[in-house]
């Protein structure tokens, strides 16, 4: 009855209910994992972590726990005073201490060897603990089978656990395997967690993905003619380069990688609800510059701007937003007095309509 009152009964019957059977079948399918390769990979990553720990202690001039942001902050900012050499570093929300986040370390890595070592340590540690050792804890007789949750996210996206097979990184990590035998050269090892999965005999893994699906939905919802034209022209091979060409008014052959990256990041900042601070971190610019990028982008693609404003206004009036499929998301802070809470809800409103 409650679903009918909320106008969600049709969504439940046509999408959510039939999906249960599909997810149940998915959970019965097991995926074989190469145990020997998994063990070998874990050992390689563990060895590299020890090497990085030793390197960090040497360049810092003292021993400290690399996984402790408190101890790292003491070394970076109290002992080495790297914060004095770089302006506008992010601070933690609660205590307003200089952050040790990836964004901050990226800004500091040209000033001292330690930030770069910490960045690699974190990448390797994440790879080992989540994607390698994490798989080992979920294995049963050499196989894994994820548990799927269709109500685990506010946007309606599926989530998985034990293991989170959707989160297995597709980006390989390249490591330098040091040699301790005189005369032997260092070896470059590429670690890719997805290669640990083995298809059943006579079968092969097939990966398929929608091409620029969020951007396509944004083009459709906003009816932005320039974006729609991108997907209607068969000769468009690189969407974001063409987008950058349109936005900046320059020939496509003059589009630089930085222009393409800016266009891509701005589009997804609109789609995923990132603010100017997050965009500034991604592009390596100031929040003011990021705000100017967004503004100039919205000026070029006015229908996108109108769509975002209309979505936010409807949410203010109704207290919720509705996706294409009819899914609803209430946003209590859409009319909040607090600027930060209100703007966050505004971004969530647009994000939900596109992603939900």
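The values are calculated or read from the model by the stated rules, or taken from the named source; none is laboratory data. Since we're looking at a predicted model, the values are computed, not measured. As a convention, Cβ positions derive from the backbone with ideal geometry for all residues, glycine included, and neighbour counts pool all protein chains shown.
Structural remarks
- Residues being under 25 Å from the mean Cα position of the chain (by Cα) and at pLDDT below 90 - total across the range 70-90: 3
- Single match in 274, 244, 263 (criterion: buried (at least 16 other Cβ atoms within 10 Å of the Cβ), touching a helix residue (DSSP H, G or I) at 6+ places or on another chain (Cβ under 9 Å) and at pLDDT below 80): 274
- In the range 148-173, the residues that are closer than 27 Å to residue 350 by Cα, modelled with pLDDT of 90 or more and touching a helix residue (DSSP H, G or I) at 6+ places or on another chain (Cβ under 8 Å): 148, 150, 158, 159, 160
- Lone unmet requirement of (1) out of contact with any strand residue (DSSP E or B) (no Cβ under 9 Å at 6 or more places or on another chain); (2) not in a helix (DSSP H, G or I) for residue 32: (1)
- Among residues of the range 62-91, those that are outside any loop (DSSP other than H, G, I, E, B) and either in contact (Cβ under 8 Å) with a residue 12 or more places away in the chain or not assigned by TED's automatic domain parsing to the domain that holds residue 105 (or both), counted: 10
- Pairing each residue of the range 319-340 that is closer than 13 Å to residue 7 by Cβ with any residue that is assigned to a helix (DSSP H, G or I), provided the two are 6+ apart or on different chains, yields C-beta distances under 7 Å for 323/352; 323/353; 325/11; 325/15; 326/10; 326/11; 327/11.
- Within the span defined as the range 93-109, every residue fails to be farther than 19 Å from residue 54 by Cα, more than 24 Å from the chain's Cα centre (by Cα), at pLDDT below 90 and in a helix (DSSP H, G or I).
- Residues that are assigned to a helix (DSSP H, G or I) and over 28 Å from the mean Cα position of the chain (by Cα) within the range 52-61 comprise 54, 55, 57, 58, 59, 60, listed in sequence order.
- Meets criteria (within 21 Å of the chain's Cα centre (by Cα), crowded, with 16+ Cβ neighbours inside 10 Å, free of Cβ contacts under 8 Å to residues at least 60 places away in the same chain and closer than 28 Å to residue 51 by Cα) for residue 132: no
- Residue in the range 93-110 that is without any contact (Cβ under 8 Å) to a residue 40 or more places away in the chain and closer than 30 Å to residue 34 by Cα present: no
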